[in-house]
Each structure stands twice: as structure tokens, then as C-alpha cells.
Amino acid sequence: MSMRVLSIQSHVVSGYVGNKAAAFPLQLLGFDVDVINSVQFSNHTGYGSWEGEVLQGDMLLKLVDGMDENGLSDETGHILTGYIGSESFLRAVVTIVRKMKVVNPQVRYVCDPVLGDIGKFYVPEQLVKIYKDEVVPLADVLTPNQFEVEQLTGVRIENINDAQRACGILHDLGVPLVLITSIIFPTNAQQSQDSMGVFASERFMLQNVSCGIETESYEDEQRILYVPKMPGQFTGTGDISAALWLALTADSTSSLAQKLEQLAGTMNAIVERTYQASLEKLQKQGISSLEEPKDEATRKRIVRSREMQLIQSASDILNPPLRFQATKISER
């Protein structure tokens, strides 16, 4: 399979979210990355204020048409999408993915369905239906967080069985591989209050022949592991996770458990390094990250201190530290 990725996501001048978060690890791991920026902002929206511009759906189609005219899409092996803020742009993405899959059915579509987190939408709520009806059935890999899974499936996830049921719904919609990048169960003896789960579910289609009649069935493999939560909010973790998961799942030689363990090891190392760097920066400024910021300027300094330490984590991207063990989940 081609090691070229078409990545359609947001872009920021300063910081690491969207394409700024995805391109570096993919390139480090040997992928060529063609980048289209859905938005170009000065910084991510967590700061509270930003400047920039939004790419419209018709311009996205023109950009891809220009690539096609010059044979620049011929070697695309993977499509990666992240934050998409409008209905027109999302429908343009659907058009592009469908077209590329007709030209080359082997193209993998890795979709991070960015809708929101912790009960809050980042995008217009009407995008949920478009994702569910048009985008999800095209995806080969889906990387939602817990909030996004619940929106796409209507299943409130309170335990492992709920997670299995939600993934089953997404599999039934046509997605072979689902990664829930962060999941917190309200009551679970295996999960401490200071940890969160990372849940992977893969569906394998099986061909059966009995009495000369061929039938089709399926088998789901599901794994979970738990990683420590770091105090504070770190923007861009989902974007990095989706890019790393694209790279890991492009390798057919490792098991689902190994891929999950490698992803969790790398992400934990990046977030831990970011957390420690944040503490050091804030300490020098006499700011406590544990207290509620007294003013807007202080809050923005805290947000800035938590920009992902991505470049500094290159060795952990190339050589994932194995810190966690994935547990196989039995069938419901």
C-alpha cells in the first residue's frame, strides 16, 4: 500500500493541532503527507480568541481537482480527516473520498469525527447526521472520543458492554476498525479515578461454505487498556492519536493489542512530557496550574504552556515505549 496520505484538517500558525499535529509524526514514520487546511487560524480556539480564515467546500474540491489534473492523487494510499466545521465542507469531503475509492478501492479512509468532547459540541450539531449517514459508512478506520461515539450511536457509554454495543453499531454501518481514543466509565473496578480507557474494536468478515452454500459471518476482536490522566486539558491529543493510529494500522504484521499498546505508550509519553513542561513554564511565571486562573491573561498563559511537546517527543514516536498492556474483552 502507498505511504502517501492526503490529510484534510485544521491548521494553526502557532501550536500543534490538526495538520500541525498530524503531519510531523506521519512524516517521521515514513509517510509522505499532502496537506489541505480546512481552516487557517493563528492558534487553536481554546485560547478564546483567534484570527484566520475558513476554507469553503467548493475551494476544497478545486484543490483536489488540481491535484488530479496533474496526477498528484494517483499514489494516495490513505485519506485522513479531522476537524470540519461546516456542512458544505463535510459534503465536499464525502465527494472526494467516494471519488478516490472508485479510482482506487484500496485507499484507506481514516476519519476522526471531530464533534466535541465532555458534553460540548465544537461543530454545528446538524453535522452528526451527515457523519452517521454519509461519512461513517465510507470510513475504514474511525477514531472518535467517548462523546463522539455516543453522538454517532445514541448509546450512552457507562461500562464495557456499552462500549462494545456502540462499536457494534459503527461496525454495522460499515466501519471495520474503531478506536475510542478516550473513555471514562462512571463505575468500573478496573479503572481508577485518575485513569481513562483506550478501546479498540476490529471486525473481521468470515466466508463460510456449508453444503455448497456460501454464507458470510463476522467476528469482532476488542481490546482495552487504561492510561493515567494528566491534570488539565491538552488540545491536539486526538489529532496526534488519529495520525499515529493510521500509521500503526497500515502495518499488517502486528496484532491489534500490539498496536493499541504502542499508541498508548507514545501518547502517554507525549502528554506526560507536555504536562511536565507546562509545570516548569508556569512555575517560572509564578502561576499555579491547580488553581482557577484569576484573569484572562493568566488563563491564556496556562493554555499556551500546555501546547503539545510534539517535536521533543520524536524518539517516542519512532520507538513507542511499552508501558501498558491491552486486555482482550470477551464477547457480550
Inset, instruction - Would you be able to say whether some residue in region 89-103 is more than 25 Å from residue 57 (Cβ to Cβ), modelled with pLDDT under 95, part of a helix (DSSP H, G or I) and open to solvent by 70 Å² or more (accessible area, probe 1.4 Å)? - result: no
Inset, instruction - Can you tell me which residue within region 6-21, out of those that are of a type in the set (Ser, Thr, Tyr) and open to solvent by 10 Å² or more (accessible area, probe 1.4 Å), is nearest to residue 309 (Cα to Cα)? - result: 16
Inset, instruction - Please determine, by comparing only the residues of region 149-170 that are in a helix (DSSP H, G or I) and open to solvent by 10 Å² or more (accessible area, probe 1.4 Å), which one is nearest to residue 106 (Cα to Cα). - result: 169
Legend entry - Positions within region 28-45 being out of contact with any strand residue (DSSP E or B) (no Cβ under 6 Å at 6 or more places or on another chain), open to solvent by 50 Å² or more (accessible area, probe 1.4 Å) and at pLDDT 95 or above, in sequence order: 28, 29
Inset, instruction - Confirm whether residue 114 is of a type in the set (A, V, I, L, M, F, W, C), buried (at least 16 other Cβ atoms within 10 Å of the Cβ), in contact with a helix residue (DSSP H, G or I) (Cβ under 8 Å, 6 or more places away or on another chain) and not in a loop (DSSP other than H, G, I, E, B). - result: no
Inset, instruction - Name the one entry in 247, 242 that is closer than 20 Å to residue 80 by Cα and in contact with a Leu (Cβ under 6 Å, 6 or more places away or on another chain). - result: 247
Inset, instruction - Tell me which residues, restricted to region 152-172, are under 15 Å from residue 221 (Cα atoms), out of contact with any Asp or Glu (no Cβ under 9 Å at 6 or more places or on another chain) and not basic (Lys, Arg). - result: 160, 161, 163, 169, 170, 172
Legend entry - Restricting region 117-148 to residues that are closer than 19 Å to residue 168 by Cα and among the acidic types (Asp, Glu), the residue that is least open to solvent (accessible area, probe 1.4 Å): 148
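The values are calculated or read from the model by the stated rules, or taken from the named source; none is laboratory data. Just so you know, these numbers come straight off a predicted model, no measurement behind them. Heads up, the Cβs are rebuilt from the backbone with ideal geometry, glycines too, and the neighbour counts pull from every protein chain shown. Heavy atoms of the whole protein, side chains included, go into the accessibility calculation; ligands, DNA and RNA do not. Shrake-Rupley method; radii C 1.70, N 1.55, O 1.52, S 1.80 Å.
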